[in-house]
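Novice: One structure, pasted below without further comment.
Values quoted throughout were computed directly from the atomic coordinates according to the rules given, and no laboratory measurement underlies them. It should be emphasised that the depicted structure is a prediction, and the values quoted were computed from it without experimental measurement. Glycine also receives a Cβ, built like all others from the backbone with ideal geometry; neighbour counts cover every protein chain displayed.
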Amino acid sequence: MSTANLADAKAELGELVAKAASGEEVCIIRRSRPISLAMLRAHTETMSAQTGTAGDFVRTMRDDSRH
């Protein structure tokens, strides 16, 4: 199993994803505690779905900040 803290995981994301895709278990640690897939799923389930494209979202943010 590969283990990385959050900062290292950000820097090595491609490598960690490749390991996970090949079937190896990857553990990311944040504040000395492992982040589980169940925790991530629970967090993302509380988020609202994106209604438009990313480009539309950025344009809206840009235009709203101008006015």
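Novice: Does segment 20-40 hold any residues that are assigned to a helix (DSSP H, G or I) and surrounded by 10 or more Cβ atoms within 10 Å (Cβ to Cβ), and which are they? I'd like the intermediate steps shown before the answer.
Specialist: Of all residues in segment 20-40, those assigned to a helix (DSSP H, G or I) come to 20-21, 37-40.
If the condition is that a residue be assigned to a helix (DSSP H, G or I) and surrounded by 10 or more Cβ atoms within 10 Å (Cβ to Cβ), then Ala20, Met39, Leu40 are the ones that fit.
Novice: Now for a different question. In segment 41-66, what residues are more than 30 Å from Val26 (Cβ to Cβ) and assigned to a helix (DSSP H, G or I)?
Specialist: Gly55, Asp56, Val58, Arg59, Thr60, Met61, Arg62, Asp63, Asp64, Ser65, Arg66 - these are the residues of segment 41-66 that are more than 30 Å from Val26 (Cβ to Cβ) and assigned to a helix (DSSP H, G or I).
Novice: Out of Ser36, Ser2, which single residue is polar (S, T, N, Q) and in contact with a strand residue (DSSP E or B) (Cβ under 7 Å, 6 or more places away or on another chain)?
Specialist: Sole residue among the options that is polar (S, T, N, Q) and in contact with a strand residue (DSSP E or B) (Cβ under 7 Å, 6 or more places away or on another chain): Ser2.
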